[in-house]
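The values are calculated or read from the model by the stated rules, or taken from the named source; none is laboratory data. Just so you know, these numbers come straight off a predicted model, no measurement behind them. Here the Cβ is made from the backbone with ideal geometry for all residues, glycine too, and neighbour counts use every protein chain on show. Remember, those area values only see protein heavy atoms, side chains included, never the ligands or the DNA or RNA. Shrake-Rupley method; radii C 1.70, N 1.55, O 1.52, S 1.80 Å.
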Amino acid sequence: MNKNKEQLLNKRYKAEKRFRLYGQSAIFMALLFLTIFIFKIFSTGYSAFQKTWLIVPVTFDAELMMLEQNPSKEDLKDADYYDIALKSMADLDPNANEDQENELKRMVSYFFEREIKRELLNDPSLIGKTKDVYLTASDDLDQVFKGNYPRDLPEDQRRVTDYQLKIFDQLVELGKVESKFNLSFFTYPDSREAELAGIASSFMGSIFSILVCLMIAFPVAVLAAIYLEEFAPKNRFTDFIEVNINNLAAVPSIVFGLLGLGILLAVFQLPRSTPLVGGITLSLMTLPTIIIACRASLKAVPPSIREAALAMGASKMQTTMHHTVPLSMPGTLSGTIIGLAQALGETAPLILIGMVAFVNTIPGSPLDPAASLPVQIYIWAESAERGFVEKVSACIMVLLGFLIIMNLFAQIIRHKFEKKWS
Amino acid sequence: MIKINSKNVDVYYGKKQALFNINLDIEENQVTALIGPSGCGKSTFLRCLNRMNDVIDICRVKGQIIINDFDINDKSCDVVRLREKIGMVFQKPNPFPKTIYENISYGPTIHGMAQSKNEMDEIVETSLKKAALWEEVKDRLHEPGTGLSGGQQQRLCIARAISVKPEVILMDEPCSALDPIATAQIEELIDELKKDHTIIIVTHSMAQAARVSQNTGFFHLGELIEHGSTDKIFKNPENKKTQDYITGRFG
């Protein structure tokens, strides 16, 4: 009998130990996947925050630029920079033939003449002089310099020629190649050229979409939640509504995209590809999330508080507005932020309403065409150039950073402002 | 003087009848205790008096409850005005999660009883003094009311109830969550308050009923079995059930 009991006891201890082990290994697995994921993104993406520059001596030859004596500011703006730009690149190798000159030109970014123009506009006294100018390296050389480009491929299989590599290596040796922080990744809009592509347009697009989404979803959801929770009679009809709100939360996001396409664009003729339409579509998705969060936190307000207010002679409306709703706000707000974070990461509905279009301007309002961060990831991931690979990861890092900040904020609101019930 | 006169009050929760034909008169400026075993309907009856049962969807009240010659179950009765006249203190202290000051000033604010900050300060002070809490909290009026001890919280709730100068105060087992010392303080307070207010208290403690009340009503299974002066109910009850309950044979 006693032995039997001891066996039972041992069995219980072992079961507890086993269970704890299962739990620990589950957490370990989760952390492992997360680490691999983050490591992968960081290791591919971190180099996107660096940009390679070629330092090229440029002679600001007034004649080549078609400039008169004592040119005005306007003249400088209208001057022809292409020839001096071309010449300064060609001068890198005095013996170059015409084909090679062309290859030399393609070692820097497509807009290299603009960089030269900016230099002169900053300092007009440069006319007639020679100055070392920083020119953005082409995306392929950028990747070569970062060590992401396989140099051992046969020449006809890569986009960098042997000749370009030779000149580039010479420049590296002379210290004429520099790597600096890639500010343009944050300030430039999207571009077909990987070295010039930035997230400014998609970032602003995301911000505008989220703001539109917040302004529509929050008031509607909170009013709906307050009415359902505090005022509506509890009957079959309200049960039916509740079930449908939960259903709405489970609807795949692409369906909302189709709705936006079919109603907002086709029926209401709202401008395509804009954060306005994107935000409205996203608000449909966020609505049930906020309603559910708000109702849950209204439910969590103890009935004794409502009774206390009612017994003091407060009307139903006063009780709700003075006591219940303020007490439910921390939960509602953190639910809202989590809903917005979901919306921020949403891609499918935005693709359907046309926010996948190539936009190379920075939107100034929700009515301008824009992309959004997750869609930008999608666009870049589809691009063939090597230069976009690291940009995809870098963009993911920015998006994740935002999501983490938002979720952290939600946590802080919840912990800091939630009242403790005695 | 009769303050509240209830005639043939029936209460239903859905199909279930909770109170049967209650006829009970409450004397002005006295303490009336409602006693009886759990689930006998004494709290339900108490909540009829300020129509707190309205909050419960499935609850229906029939019959007349006449206060100041006015039937509060009549359609023309405005519950907000009614609850201004009839305050309530609950079983568990339920101060608002706001400051002590805001707890007291809430009622006067929504009923527009103070014209200035000074007047409001005065209302807060007198209410807290009447509730015998002033000395303990006068230096921390702007700290949260939920930070007080249980007994202090309950006195805060009483102060909150009397801030709007109600004619009647309903107390639903106000001491059941408190220790004996806090209970004694509340009982003293009840004795003091009956000078200005009519008090109806629901209690599980027979001793408390005997100590604080002048009149007692005994409820059992939704019926008012017996009512009368506390002396008579406790010393010389007419009904066998009352006697059994008071002597602790059931309940």
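Of the residues B:SER116, B:SER149, B:SER76, the single one that is open to solvent by 30 Å² or more (accessible area, probe 1.4 Å) and within 12 Å of chain A (Cβ to nearest Cβ) is B:SER149.
Among the residues of region A:278-308, those identified as free of Cβ contacts under 8 Å to residues at least 24 places away in the same chain and not basic (Lys, Arg) are A:PRO303, A:SER304, A:ILE305, A:GLU307, A:ALA308.
Here is a yes/no grid of residues against (1) surrounded by 19 or more Cβ atoms within 10 Å (Cβ to Cβ); (2) hydrophobic (A, V, I, L, M, F, W, C); (3) out of contact with any Asp or Glu (no Cβ under 6 Å at 6 or more places or on another chain):
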| site | (1), (2), (3) |
| --- | --- |
| A:SER297 | yes, no, yes |
| A:ALA309 | yes, yes, yes |
| A:GLY313 | yes, no, no |
| A:SER334 | yes, no, yes |
| A:ALA341 | yes, yes, yes |
| A:GLU346 | yes, no, yes |
| A:ILE351 | yes, yes, yes |
| A:ALA357 | no, yes, yes |
| A:GLY364 | no, no, yes |
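Residues in region B:82-110 that are surrounded by fewer than 24 Cβ atoms within 10 Å (Cβ to Cβ), under 22 Å from B:GLU173 (Cα atoms) and of a type in the set (A, V, I, L, M): B:LEU82 alone. Per the conditions (1) at pLDDT below 90; (2) open to solvent by 10 Å² or more (accessible area, probe 1.4 Å); (3) not hydroxyl-bearing (Ser, Thr, Tyr), the sole criterion not satisfied by B:ARG51 is (1). With a requirement of 2 or more residues that are out of contact with any Asp or Glu (no Cβ under 9 Å at 6 or more places or on another chain) and not polar (S, T, N, Q), the strands (runs of 3 or more DSSP E) lying completely within region B:1-96 that satisfy it span B:2-13, B:16-27, B:31-35, B:59-67. Can you say whether B:GLU167 is open to solvent by 50 Å² or more (accessible area, probe 1.4 Å) and in contact with a Phe, Trp or Tyr (Cβ under 6 Å, 6 or more places away or on another chain), as far as the supplied structure shows? Here the answer is no, as B:GLU167 does not meet what is asked.
Of all residues in region A:56-74, those satisfying the criterion of being over 30 Å from A:GLU173 (Cα atoms) and within 40 Å of the chain's Cα centre (by Cα) are A:LYS73, A:GLU74. Across region A:294-334, the number of residues qualifying as within 12 Å of chain B (Cβ to nearest Cβ) and of a type in the set (D, E, K, R) comes to 3.
Quick check on A:ALA250: is it more than 14 Å from every other protein chain (Cβ to nearest Cβ), within 31 Å of the chain's Cα centre (by Cα) and open to solvent by 30 Å² or more (accessible area, probe 1.4 Å)? When the stated conditions are applied, A:ALA250 passes them. All conditions but one from (1) open to solvent by 50 Å² or more (accessible area, probe 1.4 Å); (2) within 12 Å of chain A (Cβ to nearest Cβ); (3) in contact with a strand residue (DSSP E or B) (Cβ under 6 Å, 6 or more places away or on another chain) apply to B:HIS142; the one that does not is (2). Can you say whether A:VAL255 is under 30 Å from A:ALA370 (Cβ atoms), open to solvent by 30 Å² or more (accessible area, probe 1.4 Å) and either more than 14 Å from chain B (Cβ to nearest Cβ) or in contact with a Leu (Cβ under 8 Å, 6 or more places away or on another chain) (or both), as far as the supplied structure shows? The answer is yes for A:VAL255. The set of residues in region B:170-196 being away from chain A (no Cβ under 14 Å), surrounded by 21 or more Cβ atoms within 10 Å (Cβ to Cβ) and touching a Gly at 6+ places or on another chain (Cβ under 8 Å) consists of B:ILE186 alone.
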